[in-house]
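Only the coordinates and a few stated rules stand behind these numbers; no lab work does. Everything numeric in this text was worked out from a predicted model, so none of it was measured. All Cβ positions, even for glycine, are placed from backbone atoms using ideal geometry, and neighbour counts span all protein chains on display.
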Amino acid sequence: MTPPRDHYEVLGVQRDASDDDIRKAYRRLAVKYHPDKNPGDDEAAERFKEVGAAYQCLSNADSRAYYDRHGHEGVRGSQGGFDFTTTDFTDLFSQVFGDFGDLFGGGSRTRRGNDIRYDVELTLEEAHAGKSIPVELERFDACGTCKGSGVKPGSTMKSCAQCGGRGRVVFQQGFFSVQQTCPRCQGRGEIMTDPCGECRGLGRVRGVQKLNVTIPRGVDDGMVLRMNGQGDAGRMGAPAGNLLVGVHVKAHPLFQRKGDDLLLDWRLTMVEAALGTRLRVPIIGGEEPIVIPEGTQTADTFTLRGKGMPHLQRNGSGDLKVRVFVETPTRLSDRDRELLREFAEQRQELDGDEADPKRGQKSDPYARRKHKRGFFEAVGDFFSGQDARSDDE
């Protein structure tokens, strides 16, 4: 399967393009490839969808930021009722151009209802596990009396006399014939004679709706999830808008997130780093054993495979990367100082002179800074010797 093209490439704009540049690029290409302008052209239809998907993603600040970080992996497909792309890009076209019947000689479409934005805040643990959140939305719903038609039950619509039911009228302007949406029926081709008393002919009423928003596992901060058809109902039977769920994931006291990987900073004592150790580190939802080898240095990183965040919309998880930092002791006893001085003398760290004056060799004042053996290897040898001496005693 051919991988999708980069959204910026599809629209022919740079990655730092302004919102206005992106909108202009979409308007130009959408008109060029619109199916009504290219009847029977499958390639133009595919390009129209591709242009629509690119604009839908890049025209929203949140989804654009998420796409810039994660690419198509972060915004494709759907899960748990959410969809990251619009399936009917003529609706998107209608939102940008308004009544587009005049562009191609067709009648006006009844515009779908407005989208509704709802923001949720999650902990990293909730983003890892997924969550179902009950919400109450104030929105327009289809009128229960007229079933969204706007017409009083038992009555019917009649054909518009001004446009003859076509939804558009033609008039002469100089040498040109101009076609436009019928001003009387607004492009519907029909006139309502007896509107519904409940909704006053609008086909929708305002109310409070309770529903559950399902947050899928692995969502990231800044993602915008889409629940199709859960926004405001359209007027007079037009499709409903969508519910856009903005996700905000709170910072975690232990973990930093990098895509689907997690980073954990972990402190070791000097002796643990020198001699190696076994320890247990936290992961989301528990602990995991890890082996620290002898001679570990500050900023060494150890990877626990599959212990990061779940991949969105596919199997598997990212990794947990444990980055260690070696602590230098700050409160020393007299015995601690004695041992460290003894160790320093063994390593010739105190005077920094590794040359032998009796042999006429020139002293090197930087000899102690030159790397010969690992510092922690030496610490390991030293403390191992101390342990052996204690055993002999």
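Contact order, relative form, for the stretch 1-79: 28 percent (alpha carbon pairs under 8 Å, 6 or more residues apart, mean separation divided by residue count).
The stretch 13-69 and the stretch 289-310 have Cα centres separated by 43 Å. Quick check: from the Cα gyration tensor, does the stretch 225-318 come out rounded (a/c under 1.5), prolate or oblate? Here the stretch 225-318 falls in the prolate category.
Along each principal axis, taking the top coordinate minus the bottom one, the Cα set of the stretch 153-284 gives 93, 45, 15 Å in descending order. Computed about its Cα centre, the charge dipole of the stretch 1-79 is approximately 140 debye, with only Lys, Arg, Asp and Glu carrying charge at their Cβ. Database remark: amide H of residue 168 closer than 5 angstrom to the amide H of 182 (H placed geometrically; neighbours at sequence offset of 5 or more, or on other chains; Pro and chain starts carry no H). Database remark: amide H of residue 296 closer than 5 angstrom to the amide H of 276 (H placed geometrically; neighbours at sequence offset of 5 or more, or on other chains; Pro and chain starts carry no H). For the pair residue 209 and residue 171 in one chain, pulling the backbone fully straight at 0.36 nm per residue adds 9.1 nm over the alpha carbon distance.
Round to the nearest 0.05 the FRET efficiency obtained for residue 180 and residue 145 when R0 = 25 Å and r is the Cβ-Cβ distance. E(calc), rounded to 0.05, equals 0.15. Normalising the average separation of contacting C-alpha pairs (under 8 angstrom, six or more residues apart) by the number of residues puts the relative contact order of the stretch 177-271 at 18 percent. Computed on the Cα atoms alone, the convex hull of the stretch 32-73 gives a volume of 63 cubic angstrom per residue. For residue 315 and residue 288, the FRET efficiency from 1/(1 + (r/R0)^6), where r spans their Cβ atoms and R0 equals 25 Å, is about 0.80. Relative contact order, whole percent, for the stretch 255-327 stands at 39, derived from Cα pairs under 8 Å and 6 or more residues apart. Computed about the Cα centre, the dipole magnitude for the stretch 255-327 is approximately 260 debye when only Lys and Arg (+1) and Asp and Glu (-1) carry charge, each at its Cβ.
Tell me the trypsin sites (Lys or Arg not before Pro) within the stretch 210-250 that lie in a loop according to DSSP and have at most 15 other beta-carbon atoms within 10 Å. Listed in order of number, the matching sites are 250. A Förster distance of 41 Å, applied to the separation of the beta-carbon atoms of residue 5 and residue 266, puts the FRET efficiency at 0.50. Modelled spin labels at residue 46 and residue 299, positioned 7 Å past Cα toward Cβ, are 4.8 nm from each other. Taking 0.36 nm per residue of separation and subtracting the current Cα-Cα distance, fully stretching the chain between residue 27 and residue 278 would add 84.3 nm.
For the pair residue 68 and residue 138, label points projected 7 Å from Cα toward Cβ lie 3.4 nm apart. Once you sort the root eigenvalues of the Cα gyration tensor of the stretch 1-79 as a ≥ b ≥ c, which label holds: rounded (a/c under 1.5), prolate (a/b larger than b/c) or oblate (the other case)? Note, shape of the stretch 1-79 comes out oblate.
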